[in-house]
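Here's the structure, in structure tokens; my notes come after.
The values are calculated or read from the model by the stated rules, or taken from the named source; none is laboratory data. Because the structure is predicted, anything quoted here is derived from the model rather than measured. Don't worry about glycine lacking a Cβ; one is built from the backbone with ideal geometry, like all the others, and counts go over all protein chains shown. The protein model used for the area step is the full one, side chains on, heavy atoms only, and it has no ligands, DNA or RNA in it. Shrake-Rupley method; radii C 1.70, N 1.55, O 1.52, S 1.80 Å.
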Amino acid sequence: ARRPAPLLPLSLALRALNCLLVRTSFVPDEHWQALEVAHSMAFGGRYGHLTWEWAQGLRGYSYPLVFASIYKGLQLLGQDRVQLLIWVPRLAQAALAAFADVKLYSLVQHLENAETAKCVYFCQLCSWFTWYSCTRTLTNTMETMLTIFALSYYPIKGSKMGSSCKYLALIAVAIVFRPTAIIPWIPLVLSHFLQEQRKADFILHNLIPVGLVTVGTSLIIDRVFFGKWVLVQLNFLKFNVLQNLGTFYGSHPWHWYLTQGLPVILGTHLPFFIHGCVLAPKKYRIFLVTVIWTVLVYSTLSHKEFRFIYPVLPFCMVFCGFSLQQLKAWKKSAASFLLLSNLLPALYTGLVHQRGSLDVMSHLQQLCNSSYQSQASVLILMPCHSTPFYSHVHCRLKMRFLECPPDLSGNENYIDEADAFYSNPLGWLNKEFYNDTLLPSHLVFFSVLEQEISPFLALKGYEKTTTIFHTHVPQGRVGSHIYVYRKKTEMSH
């Protein structure tokens, strides 16, 4: 089949635009499990911060190594400027997303025809959640891209592109980056195995070698950076499944993915998805099984997030494409409806919702270029990991935030620093800064906190210098705005 040449430049241009139109924060992991770790790897450990998972060996260095390599490259070229450190990894992710879009198109074109492929490609480009997530430096994003690449080599009936070695290698890399990537592939690999004539060959010549090479590589990378042998995937499994400590980050009812998770990430694609499931040829049933299986497995874990099921979205888009293609006379109206209904949530979540935590960092970054950098110190009084850290400042500014590692010692009365602060903000501040010489020059916090700590601010001589918009839907400890307060005396010298 001839490869459509103009498709890749179009995808690259669209995803680059996508990248520039996403200026909000989604979850802490996009910084704390990727760029912050990479920053510490590339520019020295003291110059950054690794969260508790790294001390416990729950995360592997393979994924951050991708970004650390980019950082090292920029440093060697003498271009490690903060804007490049922020945007180059995201543009790289955007380029990968563009290749994945084209792969999805080629796969459907190869299995069906160009018409259906166009519809699937259109649905993929329209998806607001893909727009929101595909240029972020999240392991879930990488897992989704690798899933699309692997799918294009998966030996589905009627495919001549099938290559066991290639698709297994891509899944293996995804599992090294994020162990849960194994979940959607269980039914797919099983189905392939059952149809495989030479079962022993498949295991001996494909599964085992690919497994050994990837696990081996990941072990060596982690050995280099941890300084000791660590089997990260095993620790991750123990923590999240056997000890179920993920609930520390919140738990949801079992039906959450069915009633909220999937409907929200599918958005207005939902009716097309359901229609497509009814229409699609029988050989695509395995894709539907994959979606249902993945949603059910994740439903059994108490900690649930939208991004966990992001990797099944491309499977859903295949069904949406079948639906769109069948709507003969209505196709144009349906396509316009999809485009317009996804445009608003995509732009709103990308440009408006939760943008303060990135904006405040570019504001604090200005302290780096001031004569007063050596005296400056910043205390971030927000739910922990609300903002990125050194990857968005890239200078040796004294910064501190409230920490919140889960209790790993089994202590009944365990309270993390963030909870201790929020249970009595004023008392915590007075106790922490009993001595005025310890006071930070800058305080950063959400607007909801202002009233409660105003006696402390007045007494210690802080004044509000900046107000930054964050969200229209403040909840609990997260306010609509972020305030930056500065200590007055510092500037009078």
Quiz item: What share of the DSSP beta bridges in the chain is antiparallel, in percent to the nearest 5?
Solution: 60 percent
Quiz item: Around residue 22, what is the net charge, scoring Lys/Arg as +1 and Asp/Glu as -1 over all other residues with Cβ under 12 Å from its Cβ?
Solution: +4
Quiz prompt | Helix-derived mean residue ellipticity, 222 nm - over the chain, DSSP H n ≥ 4, -39500 (n - 2.57), to 500 | solution = -16500 deg cm²/dmol
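Give the Kirkwood hydrodynamic radius (Å, one decimal) of the range 162-297, defined as one over the mean of 1/r across all pairs of different Cα atoms. The partial results should precede the final answer.
On the way: mean 1/r = 0.0566 Å⁻¹.
Here the Kirkwood hydrodynamic radius works out to 17.7 Å.
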Exercise. Could you work out the per residue convex hull volume over the alpha carbons of the range 355-487, in cubic angstrom?
Key: 124 Å³
Quiz item: For the range 243-382, rounded, prolate or oblate, judged on the Cα gyration tensor with a ≥ b ≥ c (square roots of eigenvalues), a/c < 1.5 rounded, else prolate if a/b > b/c?
Solution: oblate
Self-check item: Solvent-accessible area per residue for the range 226-375 (1.4 angstrom probe, square angstrom)
Solution: 48 Å²
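Rounded, prolate or oblate: which fits the range 423-493, taking a ≥ b ≥ c as square roots of the Cα gyration tensor eigenvalues, rounded meaning a/c under 1.5, else prolate when a/b beats b/c?
oblate
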Quiz item: Got a number for carbon plus sulfur as a percent of the chain's accessible area, 1.4 Å probe?
Solution: 63 percent
Quiz item: What shape does the range 85-167 have by the C-alpha gyration tensor, where a ≥ b ≥ c are the square roots of the eigenvalues, rounded means a/c under 1.5, and otherwise prolate means a/b greater than b/c and oblate the rest?
Solution: oblate
Practice problem: Run the quick spin-label model on residue 348 and residue 259: label points 7 Å from Cα toward the beta carbon, then report their separation in nm to one decimal. | Solution: 2.2 nm
Quiz item: Using modelled amide H (1.01 Å from N, peptide plane; none on Pro or chain starts), what sits under 5 Å from the amide H of residue 466, excluding residues fewer than 5 places away?
Solution: 484
Quiz item: R0 = 30 Å: FRET efficiency of residue 437 with residue 84, Cβ-based, nearest 0.05?
Solution: 0.25
Quiz item: Tell me which lysines have Cα within less than 30 Å of residue 282's Cα, excluding those fewer than 8 residues away on the same chain?
Solution: 103, 118, 157, 160, 166, 199, 328, 331, 332
Quiz prompt | Under 27 Å from the Cα of residue 238 - lysines, other chains or at least 8 residues apart | solution = 228, 304
Quiz item: Which distance in nm do the two modelled labels at residue 23 and residue 403 give, with both placed 7 Å along the Cα-to-Cβ direction?
Solution: 3.4 nm
Quiz item: Using alpha-carbon pairs under 8 Å, 6+ residues apart, how would you state the relative contact order of the chain in percent?
Solution: 17 percent
Practice problem: Kindly provide log₁₀ I(q)/I(0) values, in the same order as q = 0.15, 0.17, 0.21 Å⁻¹, from the Debye equation applied to equal alpha-carbon scatterers of the range 100-234. | Solution: -0.83, -1.01, -1.29
Quiz prompt | Cα radius of gyration and Dmax for the range 267-345 (Å) | solution = 13.9, 44
Practice problem: Enter the accessible area per residue of the range 1-133 (Å², integer; probe 1.4 Å; all protein chains in place). | Solution: 38 Å²
Quiz item: What percent of all Cα-Cα pairs in the chain falls in each 20 Å bin, counting up from 0?
Solution: 21, 53, 23, 3, 0
